[in-house]
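To start, the structure under review is shown below, and the notes come after it.
Each value in this text was obtained by applying a stated rule to the coordinates, not by laboratory testing. Here the structure is a predicted model, which is why all the values come from computation and not from measurement.
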């Protein structure tokens with residue numbers, strides 16, 4: 001249990017460092033939206049994978065990487081679904097449907113590739 005807490009703490013520190021690093025790069029580069037584009041999810045994913053490799057090895061990290069790809073595909077589907085819905089439906093309804101689409105695409109792509 002203590003080891004799991006230590007790994008989570010290390011992931012948080014490394015992830016925070018990566019977010020700050022990407023924000024610094026984004027601050028220097030133009031346009032400014034680079035900071036937001038690379039500031040959160042990609043940097044935390046890289047940090048998480050690096051700590052996972054160190055903690056559990058390459059094969060476990062490869063599985064986690066695949067899961068991240070499936071989640072990213074689901075997020076793209078979510079975005080493509082929710083954006084047009086926001087013009088005709090309340091935000092709660094649009095995002096709720098988007099979450100359902102996200103889950104269906106992520107799980108469906110996982111089952112197609114792995115299952």
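Numerical summary
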quantity	calculated
Max mean-square fluctuation residue, GNM over the chain, Cα-Cα springs under 10 Å, options 18, 80, 68	80
Helix 2-28 vs. the chain, principal-axis angle (Cα, 0 to 90°, nearest 10)	70
Evaluated at q = 0.14, 0.21, 0.22, 0.25 Å⁻¹: base-10 log I(q)/I(0), Debye formula over Cα of segment 45-115	-0.53, -0.83, -0.86, -0.96
Cα-based helix-to-principal-axis angle, 91-113 vs the chain, degrees rounded to 10	60
Degrees between helix 41-56 axis and first principal axis of the chain (Cα, 0 to 90, nearest 10)	40
Mean ellipticity per residue at 222 nm, deg cm²/dmol - from DSSP H runs of n ≥ 4 across the chain, formula -39500 (n - 2.57)	-30500 deg cm²/dmol
